[in-house]
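These notes concern the structure reproduced below.
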Amino acid sequence: MAVASLLATAGATFAGPTAGLDAHEVRSLDIEDLMEMPIRLAERHEEPLHRSAAAVTVITADDIRRSGHERLPDVLRMVPGLHVARITGNAWAISSRNANSRFSGTMLVLRDGRTLFSPLFGGVYWEQQDLILEDIERIEIIRGPGAAAWGANAVTGVINVVTKNAAQSEGSLLVGRAGVGEAQSGGSLRWGGLVAEDVHVKVWGHAFDAPTGLASPPSQGSNDDFVAVGDPVEDGSVVVRGGTELLWERGATSDVRVQVEAWNTSIDEQRVSGFPAALEEAAVEASGLHALLRWTWRGDDSESFVQVYHDRGERSDAVFREQRSTTDVEGQVGRRLGRHHLSMGAGWRRSDDDTGVEGDGIFHLGPASDHEILLSAFVHDRIALVSDRLDLIVGSKIEGIEGFETQLQPTVRLWAAPTEHASLWFAATRSIRMPSRAGMDSYLDFNGTGPCMGEVDPDLGCILRTGNPDSEPLQVISGEAGMRLRLSTDVLLDVAAFHDDYDQNAISSEIGSWDRNYGIETQIHWRPQTNLRLHLWHAWHRQFLQDGDTGRRHEYQYIPRNSAFARLMWDPVPRWTADLLTYYVDAFDTPAGSAAIPSHVRVDLGAAWHPDPRWSLSAHVVDLFDDATVESFDSQRLNTARRRGLQLRTVVHF
């Protein structure tokens, strides 16, 4: 990552836009200046990076531009220890410090403070989250528990995608992409300007056609000789998204941001279903819109906001349909009082769903329609025990969800700076993962579709209940420790270690018998010359499960034991940049137990020419030395392999 992300903005704030440094300004700063960059900590207020008491990472706009990545999941591959795997041409599995599947369920994802986490399956439809990457200001990540600030499901990580506001988007932006292999074709257009005194507006549109994958070997996926190994599979997608935003700057201390956006995604799927299993073609249509209003006001020692958003979406395929409507209201106040930096807030959310079956589907939810109401509050206090040397951070989120007991999610953190070049931090957190709707209410109805595989009900007939209506929230107790050490004026070392204990008494069939996870994530950032930077990280993770019959603990490699990343950024001459990105992932098993994903290495190479500050042309080769790489497994879809690709991109500001 660029040096800005070496030093990271602390994660997962949805606070309003802050005046960020230009990417070129960041590169010109030395490490001491960067260590003092203001960031937002897990307790949701600004502090310099070296005072962060959490494992945090930020991906800057410059990181995204130079990486050559085209889709949000690929961008997240650069985050230390984050497990990112492509299942098909349109489906992804992303998790942090936990088993990786399409709906991993223990990582909370936000965009501009609006949750993208689906209560239906307990995860994120990543194929629905594509946007103009050039419109992203930064992506903030907490690697580890963020529940004390963000609430349920922020167990092993929090991601917040922060887009540029209207004031940061003046002028016109045109982006064009084309390529072959693992490359998408499409374009983006954005316009921004001042339409009245202190009133900024931007309008944007985005469309692309994502590539298809290659059929995987049967030993590495669900392809049971349905398609010849290495042949193209129809699993691409077409995404269209557009919206507008208004920013009213009410003086130097207050602003109002209004955002409205609509989107549509058309997906081709190759599904594996039936008795015996057969390959079926399916079309998925997903669409939605949201409106967000945020009012922020600031003082010399305070910052507060109120945010309201409404989100509506629909997704349907041959066997299942979901319509969901979510309304969220949240407010926060923050203030410095002597040795204390206090933040507190409260929120209310209601989410309604309506599901149904189309065609000959066997998957059902009972009841078919339901709602969820969430009431929450939080308080955080950062106390300076010894000025600039020792801080105590305490706080908690309290949440009441209809049908469950009220949940308290506290954290205690300690930050210490024994020298001006080193900082240490320690943390203990209790997090909650709520059961998903499907995890509680789903069942399969085999009447007339195949052999009876479950109970025979007098009213329903041949059914198999796959959900557990008695599921309880999953409790996880996490311990963390970290160190940031400036070895020299040009070398930084960042180490974070964690240990997660899962409460066996509250685990439902939806989660499985996770017992404990632990690991170490190490980063080195080195700038040997002003035009040459190197970022290295290695993650070592282990996961243990408990046998329900014997109680014995076994290690399962449902996450890669080792993963690593190396990025070399070189600016050889003015107006030219070159980037080399290398990823390594250990072999691991799938939770379904029917496929093993081999270890693999990915090497991306890119170069960009900037003849003018308003125009650039770049070329990136994806998977330079490999082809047909399988990264994950899903028993319901024909898993496909990533393939080598060449991407050409032009960006024009006018």
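The values are calculated or read from the model by the stated rules, or taken from the named source; none is laboratory data. Because the structure is a prediction, the values reported are computed rather than measured. Please note: Cβ atoms are built from the backbone with ideal geometry, for glycine as well, and neighbour counts cover all protein chains shown. Just the protein is used for accessible areas: all its heavy atoms, side chains included, with ligands, DNA and RNA removed. Shrake-Rupley method; radii C 1.70, N 1.55, O 1.52, S 1.80 Å.
All of A91, A85 fail the test of being over 15 Å from V162 (Cα atoms), touching a residue at least 40 places away in the same chain (Cβ under 8 Å) and in contact with a Lys or Arg (Cβ under 9 Å, 6 or more places away or on another chain), apart from A91.
Within the range 71-97, being within 13 Å of the chain's Cα centre (by Cα) and aliphatic (A, V, I, L, M) holds for L72, V75, L76, M78, V79, L82, V84, A85, A93, I94.
Among the residues examined, R382 does not qualify as more than 29 Å from V239 (Cβ to Cβ), open to solvent by 60 Å² or more (accessible area, probe 1.4 Å), more than 24 Å from the chain's Cα centre (by Cα) and basic (K, R). For first residues located in the range 426-443 and among the polar types (S, T, N, Q), partners that are open to solvent by 30 Å² or more (accessible area, probe 1.4 Å) and lie 6+ apart or on another chain with Cβ distances below 6 Å form the pairs S436/F121; S442/T466. Restricting attention to the range 95-125, the residues being open to solvent by 10 Å² or more (accessible area, probe 1.4 Å) and either touching a helix residue (DSSP H, G or I) at 6+ places or on another chain (Cβ under 6 Å) or without any contact (Cβ under 8 Å) to a residue 12 or more places away in the chain (or both) number 3. Of the strands (runs of 3 or more DSSP E) lying entirely inside the range 149-252, those containing at least 3 residues that are under 30 Å from I398 (Cβ atoms) and open to solvent by less than 20 Å² (accessible area, probe 1.4 Å) span 157-163.
Conditions (1) at pLDDT 80 or above; (2) buried (at least 19 other Cβ atoms within 10 Å of the Cβ); (3) assigned to a strand (DSSP E or B), marked per residue:
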| residue | (1), (2), (3) |
| --- | --- |
| C452 | no, no, no |
| V456 | no, no, yes |
| P469 | yes, no, no |
| I477 | yes, no, yes |
| E480 | yes, yes, yes |
| L492 | yes, yes, yes |
| A496 | yes, yes, yes |
| G512 | no, no, no |
| R516 | yes, no, yes |
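One residue stands out among those in the range 577-599 that are open to solvent by 40 Å² or more (accessible area, probe 1.4 Å) and at pLDDT below 85: the one that is farthest from P218 (Cα to Cα), which is P591.
Residues of the range 561-575 include at least one that is touching a Leu at 6+ places or on another chain (Cβ under 6 Å), charged (D, E, K, R) and part of a strand (DSSP E or B).
Within the range 126-145, identify whether any single residue is of a type in the set (D, E, K, R), open to solvent by 10 Å² or more (accessible area, probe 1.4 Å), within 28 Å of D352 (Cα to Cα) and not in a loop (DSSP other than H, G, I, E, B), and answer yes or no. Scanning the range 126-145 turns up no residue that is of a type in the set (D, E, K, R), open to solvent by 10 Å² or more (accessible area, probe 1.4 Å), within 28 Å of D352 (Cα to Cα) and not in a loop (DSSP other than H, G, I, E, B).
For the range 299-317, a residue qualifies if it is open to solvent by 70 Å² or more (accessible area, probe 1.4 Å) and either assigned to a strand (DSSP E or B) or under 14 Å from R111 (Cα atoms) (or both), and the qualifying residues are R312, E314. Only a single criterion out of (1) within 22 Å of the chain's Cα centre (by Cα); (2) at pLDDT 90 or above; (3) of a type outside the set (D, E) is not satisfied by N639, namely (2).
Scanning the range 392-431 for residues that are under 25 Å from the mean Cα position of the chain (by Cα), within 21 Å of G105 (Cβ to Cβ) and among the charged types (D, E, K, R) yields K397, E399, R430. Looking across the range 458-467, not a single residue is modelled with pLDDT of 80 or more and farther than 18 Å from G105 by Cα.
A single entry from G242, G151, G205, G186 fulfils the requirement of being out of contact with any helix residue (DSSP H, G or I) (no Cβ under 9 Å at 6 or more places or on another chain) and closer than 30 Å to W425 by Cα: G151. In the range 49-67, the residue that is nearest to H620 (Cα to Cα) out of those that are surrounded by fewer than 24 Cβ atoms within 10 Å (Cβ to Cβ) and of a type in the set (G, A, S) is S67. For the range 269-298, enumerate the residues that are open to solvent by 20 Å² or more (accessible area, probe 1.4 Å) and farther than 24 Å from T640 by Cβ. Answer for the range 269-298, where residues must be open to solvent by 20 Å² or more (accessible area, probe 1.4 Å) and farther than 24 Å from T640 by Cβ: S287, L289, A291, L293, W295, W297, R298. For the range 332-355, the set of residues classified as touching a Leu at 6+ places or on another chain (Cβ under 9 Å) and open to solvent by less than 60 Å² (accessible area, probe 1.4 Å) consists of G334, A346, G347, S351, D353, T355, listed by residue number. Kindly establish whether V622 is open to solvent by less than 30 Å² (accessible area, probe 1.4 Å), touching a residue at least 12 places away in the same chain (Cβ under 8 Å) and within 22 Å of the chain's Cα centre (by Cα). Considered against the rule, which asks whether it is open to solvent by less than 30 Å² (accessible area, probe 1.4 Å), touching a residue at least 12 places away in the same chain (Cβ under 8 Å) and within 22 Å of the chain's Cα centre (by Cα), V622 comes out as yes.
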